[in-house]
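Take a look at the structure set out below.
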Amino acid sequence: SRSKPHKWKRPSVPSAARESKVQTAVRAIEYFLPPGVLSTEMLAAQFPSWSVAKIDEKTGIRERHIAAPDQCSSDLAVAAAMKLFESGACRPDQIDFILLCTQSPDYFLPTTACLVQKRLGIPTSAGALDFNLGCSGFVYGLGLCHGLIATGQARHILLLTAETYSKFIHADDRGVRT
């Protein structure tokens, strides 16, 4: 006899999770952009069949910050975190979990979050992990932060996103670069 295909059902969320009274909040935001810039005008000069107007219409992006060849994702993440610490919003010793969203980690192992943890002087008692997502990474990261806080695993989380895609894009790839 043939078995029927399994119908997927949305898993039920326990009522305790739906009714969680735990509040989470973003305390501060900082950023770091590498100084190298690739403008739409520069791309239009490299690809003459595409005008500045066409590139702008396609992407809505006027400038792209490009990581230097010797910069890694950890360098960008550390620079942003240092700005955060210098602002007085928090201190490295207060962080009990690091979440780093990147699709361009420094190495496969160890995780880039652990490298960032060491460079920032965040206690080794803090959790540290990378997660690999693109455009939606920050939003998923917020969800992960809430889950860690709601379950009592962390109180002060450093959520970082850092990418060095420019290292992986061929200079003549008009479709991706524009």
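Looking across the range 112-135, just one residue is touching an Asp or Glu at 6+ places or on another chain (Cβ under 8 Å), more than 13 Å from residue 93 (Cα to Cα) and open to solvent by 40 Å² or more (accessible area, probe 1.4 Å), and that is 115.
You will find that of 84, 100, the residue that is in contact with a Leu (Cβ under 6 Å, 6 or more places away or on another chain), surrounded by 13 or more Cβ atoms within 10 Å (Cβ to Cβ) and within 22 Å of residue 24 (Cα to Cα) is 100 and no other. Of the residues making up the range 1-19, those that are at pLDDT 65 or above and open to solvent by less than 100 Å² (accessible area, probe 1.4 Å) number 0.
Note on the range 42-78: residues that are under 22 Å from residue 160 (Cβ atoms), exposed (fewer than 14 other Cβ atoms within 10 Å of the Cβ) and touching a residue at least 40 places away in the same chain (Cβ under 8 Å) total 1.
Give the residues of the range 136-164 that are in contact with a helix residue (DSSP H, G or I) (Cβ under 9 Å, 6 or more places away or on another chain), open to solvent by 50 Å² or more (accessible area, probe 1.4 Å) and either under 21 Å from residue 76 (Cα atoms) or part of a helix (DSSP H, G or I) (or both), sorted by residue number. Break it down stepwise before answering.
Filtering the range 136-164 down to residues in contact with a helix residue (DSSP H, G or I) (Cβ under 9 Å, 6 or more places away or on another chain) leaves 150, 153-164.
Retained after the next criterion (residues that are open to solvent by 50 Å² or more (accessible area, probe 1.4 Å)): 153, 155-156, 161, 163.
Hits for the range 136-164 are 156, 161, 163.
Within the option set 137, 147, 175, 121, being among the small types (Gly, Ala, Ser) and at pLDDT below 95 holds for one residue only, 175. When residue 171 is tested against (1) surrounded by 11 or more Cβ atoms within 10 Å (Cβ to Cβ); (2) over 22 Å from residue 112 (Cβ atoms); (3) not aromatic (Phe, Trp, Tyr), only condition (1) is not met. Residue pairs whose Cβ atoms lie under 6 Å apart, separated by 6 or more positions or on different chains, with the first residue in the range 82-110 and more than 21 Å from residue 132 (Cα to Cα) and the second open to solvent by 60 Å² or more (accessible area, probe 1.4 Å), are 83/30; 84/30; 89/27.
For the range 22-43, the condition of being modelled with pLDDT under 95, under 18 Å from residue 171 (Cα atoms) and touching a Ser or Thr at 6+ places or on another chain (Cβ under 6 Å) holds for at least one residue.
Could you tell me how many of the residues in the range 115-135 are of a type in the set (Gly, Ala, Ser) and in a loop (DSSP other than H, G, I, E, B)?
Step one: filter the range 115-135 for residues of a type in the set (Gly, Ala, Ser), giving 121, 125-128, 134.
Next cut, in a loop (DSSP other than H, G, I, E, B) only: 121, 125-126, 134.
Residues in the range 115-135 being of a type in the set (Gly, Ala, Ser) and in a loop (DSSP other than H, G, I, E, B): 4 in total.
The values are calculated or read from the model by the stated rules, or taken from the named source; none is laboratory data. Computed from a prediction, not measured in an experiment: that's the story for all the values here. In this analysis, Cβ positions are derived from the backbone assuming ideal geometry, glycine residues included, and neighbour counts consider all displayed protein chains. Note: accessible area is taken over every heavy atom of the protein model, side chains too, but ligands, DNA and RNA are not part of it. Shrake-Rupley method; radii C 1.70, N 1.55, O 1.52, S 1.80 Å.
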